[in-house]
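The values are calculated or read from the model by the stated rules, or taken from the named source; none is laboratory data. Everything numeric here is computed off the predicted structure, so don't read it as measured data. Note that each Cβ is placed from the backbone with ideal geometry, even for glycine, and that neighbours are counted across all protein chains shown.
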């Protein structure tokens, strides 16, 4: 039996053998890709299989991965948020400003999280309250939030964050296990439960598949979308805390270009860019794959431009493969 | 079990592969971004230094986009490769500090060059030049072609530009000692704006009929002044000089509006950075007042912040502008 497809969207077929569908799923393909890259890296560089190397590797994706978890929900609901990197810039700048007024670490964290949520709520209000398309709104706020950061800082920088604050971006919980990677894993579990085990998650899928039908079924579409934008704002605020702590300083150009990396992770993770389908496990695996690829190629001193070509090709191949398989299967049937 | 065997085999292969690499010193030259002619030239110098030193391998690397975050990923992978030293031109003086401190904690020597890192994030910083050398050079550029002396004027950038003002002060101090027959008649400010710089250059020529040279220690002003001299048919009467990018300025050396200009030489900069990094790897201590040899470029002495100035700006004239205009 094959999965039923409607308008290109994949509906899970509960009649299939669950073991068989697990083996043939997107996530198992990603696990294979991740393992393949891991083994290739181990052979390509003598420095890869080392606890500290593997620990350093995680810093390549943890901050972007945290945002990708929330972004996955937004994209599943049929919207997008391109302002995440600019939220980082604004949150980081305002944390730096608070530092100038003598804020301590808990206050700095509160500022980062608070600014993130407020920015997300502003996006959410424009999308759900004024009924504007999210891609237009967040392209606008992308310039707006970073613009404010540039007005406050100009070509200056804020530095001198306390050591207790730097720990968030540079500290280790146990041996080589960094705080960032622990936070990422905890957040991944929370988002997994939220999306796959709660009514809220089910409604997100329903909105992404057919917002009108969801509304007629009693789902408060606007309220859920508003919450989703607040969530990406919150995760961007948390990423701002980690990144600021890791860099030990703030410049208005911080995290430039992160939004595209985040969207890449989400799409590579198997979330449909049209909305309605996707999983958190896929996004976590995609984050890991991007970390493995960038770090592995870095160990071989491959120039950055080749790295971007590689990531782009990987994205296209991983997305094209299942579609090719499906086409072959349909032709056979 | 298979996986463990595979991992064990990999680890063995890793050790075998790693051993020959340990024999030589590996120094990473980390630049702001790849695909930049200035840094490609620095790499050329770095490779020359490696060849002279022998037993040194230079790894030329950097991110595609000139951001601190991307550069940190590059440094992370260099730490993992256990390179012996990192010579970096930083995209951000502060954001690179934590990761470079981690590199130093793991025994990697860190030198910054061109665009520096805050003192706590590196052991030595190599400036292309320093204020006194630049001030002296810009007057010398004019004086070399005025054997009998004469009137010169300075066309600067904004009157508030800190570095320009410091160079002009240094130039004024150098004149009575070293160039007694040079007479500085005026300093005007073109604000690094082509239109304003052109007007100011015209004003200088009108106000000082005996003017022999215009010195513009700014890449915008020097082009504007040379264009004015060309347009007013004053080639041969007024020599334009200063700090200029060879690629932008080549036409004015070619048409004779300028005899020579100067700027930092990226080849020497990359060369010297590798010499400094190698000296640290060989156990020399970086401390204020310490002196380091930088091969054919000479030697440098560290100041209070462990910074060093490489040399006077490098001179471009008809003999070498062709070559350097292709680089930057």
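Summary of values
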read-out: Any hit, the stretch A:175-196, residues being assigned to a helix (DSSP H, G or I), loosely packed, with under 15 Cβ neighbours inside 10 Å and more than 20 Å from the chain's Cα centre (by Cα); value: no
read-out: Sole exception among (1) surrounded by 22 or more Cβ atoms within 10 Å (Cβ to Cβ); (2) modelled with pLDDT of 90 or more; (3) not in a strand (DSSP E or B) for residue B:91, by number; value: (2)
read-out: Test: residue A:93 is modelled with pLDDT of 95 or more, more than 30 Å from residue A:208 (Cβ to Cβ) and in a helix (DSSP H, G or I); value: yes
read-out: Within the stretch B:94-139, tally of residues that are more than 14 Å from chain A (Cβ to nearest Cβ), more than 22 Å from residue B:25 (Cβ to Cβ) and either at pLDDT 90 or above or part of a helix (DSSP H, G or I) (or both); value: 9
read-out: Selection count, the stretch A:31-82, where residues are within 26 Å of residue A:140 (Cβ to Cβ) and within 12 Å of chain B (Cβ to nearest Cβ); value: 2
read-out: Selection status of residue B:200, at pLDDT below 95 and in contact with a helix residue (DSSP H, G or I) (Cβ under 9 Å, 6 or more places away or on another chain); value: yes
read-out: Hey, residue A:243 under 19 Å from residue A:123 (Cβ atoms) and either within 14 Å of chain B (Cβ to nearest Cβ) or crowded, with 20+ Cβ neighbours inside 10 Å (or both) or not; value: no
read-out: Given (1) under 18 Å from residue A:188 (Cβ atoms); (2) away from every other protein chain (no Cβ under 14 Å), number of the condition residue A:230 does not satisfy; value: (1)
read-out: Test for residue A:218: is it modelled with pLDDT under 95 and under 18 Å from the mean Cα position of the chain (by Cα); value: no
read-out: Lone unmet requirement of (1) more than 13 Å from every other protein chain (Cβ to nearest Cβ); (2) surrounded by fewer than 21 Cβ atoms within 10 Å (Cβ to Cβ); (3) in a loop (DSSP other than H, G, I, E, B) for residue A:264; value: (3)
read-out: Hits in the stretch B:77-89 (condition: in contact with a helix residue (DSSP H, G or I) (Cβ under 8 Å, 6 or more places away or on another chain) and within 12 Å of another protein chain (Cβ to nearest Cβ)); value: B:77, B:78, B:79, B:80, B:81
read-out: Conditions (1) touching a strand residue (DSSP E or B) at 6+ places or on another chain (Cβ under 8 Å); (2) within 23 Å of residue B:317 (Cβ to Cβ); (3) modelled with pLDDT of 90 or more; number of the one not met by residue B:144; value: (3)
read-out: Qualifying residue in the stretch B:54-70 (condition: more than 8 Å from chain A (Cβ to nearest Cβ), in a helix (DSSP H, G or I) and either buried (at least 20 other Cβ atoms within 10 Å of the Cβ) or touching a residue at least 12 places away in the same chain (Cβ under 8 Å) (or both)); value: no
read-out: The stretch A:100-158, subset touching a strand residue (DSSP E or B) at 6+ places or on another chain (Cβ under 8 Å) and in a helix (DSSP H, G or I), residue farthest from residue A:222 (Cα to Cα); value: A:100
read-out: Residue check, residue B:277 closer than 20 Å to residue B:108 by Cα, touching a strand residue (DSSP E or B) at 6+ places or on another chain (Cβ under 6 Å) and part of a loop (DSSP other than H, G, I, E, B); value: no
read-out: Subset of the stretch B:35-49 that is surrounded by fewer than 20 Cβ atoms within 10 Å (Cβ to Cβ) and either part of a loop (DSSP other than H, G, I, E, B) or over 16 Å from the mean Cα position of the chain (by Cα) (or both) - its residue that is farthest from the other protein chains (Cβ to nearest Cβ); value: B:48
read-out: Output for the stretch A:282-297, where each listed residue is within 19 Å of residue A:192 (Cα to Cα) and within 12 Å of the chain's Cα centre (by Cα); value: A:282, A:283, A:284, A:285, A:286, A:287, A:288
read-out: Selected residue (only one of A:248, A:257 is within 14 Å of another protein chain (Cβ to nearest Cβ), surrounded by fewer than 23 Cβ atoms within 10 Å (Cβ to Cβ), in contact with a helix residue (DSSP H, G or I) (Cβ under 8 Å, 6 or more places away or on another chain) and touching a residue at least 24 places away in the same chain (Cβ under 8 Å)); value: A:257
read-out: Cβ pairs under 6 Å, 6+ apart, first in the stretch B:28-53 and touching a residue at least 60 places away in the same chain (Cβ under 8 Å) and in the same structural domain as residue B:73 (by TED's automatic domain parsing), second surrounded by fewer than 22 Cβ atoms within 10 Å (Cβ to Cβ) and in a loop (DSSP other than H, G, I, E, B); value: B:32/B:66; B:37/B:327; B:37/B:328; B:38/B:328; B:41/B:327
read-out: Any hit, the stretch A:247-255, residues being in contact with a strand residue (DSSP E or B) (Cβ under 6 Å, 6 or more places away or on another chain) and either within 29 Å of residue B:97 (Cα to Cα) or in a loop (DSSP other than H, G, I, E, B) (or both); value: yes
